[in-house]
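Okay, so here's the structure we're looking at.
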Amino acid sequence: MDIEQAILEQIRRLPPSEQHEVLNFAAFLHYRRSVSPYRGVKGLWTDIDAQVSAEEIDAARRELWGSFPREDIA
């Protein structure tokens, strides 16, 4: 008996609701194989041609932290 026949035999023994669960799981396994593997944070932006200067980063930091209460810093 090959693997496909063994799987079908086991699935036929299940009630319809559990057969549906098996179908969903098989669809999930198929989907998981079709998505690209995790490339890490740096890899997420490798295709984007974004050039950010040090001055732009400093300006963004000043804008973000400009109203932060400095007296609370110990």
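Given the options Ile11, Ile57, Ile48, which has the most mean-square fluctuation in a GNM of the chain, springs set between C-alpha atoms less than 10 angstrom apart?
Judging by the Gaussian network model, the answer is Ile57.
At 0.36 nm per residue, and after removing the present C-alpha to C-alpha distance, how many nm does the segment from Arg32 to Phe68 gain when stretched out fully?
Length gained, Arg32 through Phe68: 8.6 nm.
Counting each DSSP H run of 4 or more residues in the chain as -39500 (n - 2.57), what helix-only mean residue ellipticity at 222 nm follows after dividing by all residues, to the nearest 500 deg cm²/dmol?
Only helices count here, giving -19000 deg cm²/dmol.
Given points 7 Å out from each Cα along the Cα-Cβ axis, report the Ile7 to Thr46 separation in nanometres with one decimal.
About 3.2 nm separates the two model spin labels.
Restricting attention to the stretch 5-62, which chymotrypsin sites (Phe, Trp or Tyr not before Pro) occupy a DSSP loop and are surrounded by at most 14 other Cβ atoms within 10 Å?
Of the chymotrypsin sites (Phe, Trp or Tyr not before Pro), the ones in loops of the stretch 5-62 whose Cβ has at most 14 other Cβ atoms within 10 Å are Tyr38, Trp45.
In whole Å, what three semi-axes, largest first, describe the equivalent ellipsoid of the chain built from its Cα gyration tensor (square root of 5 times each eigenvalue)? All intermediate terms of the calculation are to be shown ahead of the outcome.
Working: eigenvalues 610, 76, 16 Å².
With the √(5λ) rule applied to the chain, the semi-axes are 55, 20, 9 Å.
Any read-out appearing in this document is the output of simple, stated calculations on the displayed coordinates, not a laboratory observation. As the structure is a computational prediction, the values presented were derived from the model and not from experiment. All Cβ positions, glycine included, derive from the backbone under ideal geometry; neighbour counts span all protein chains shown.
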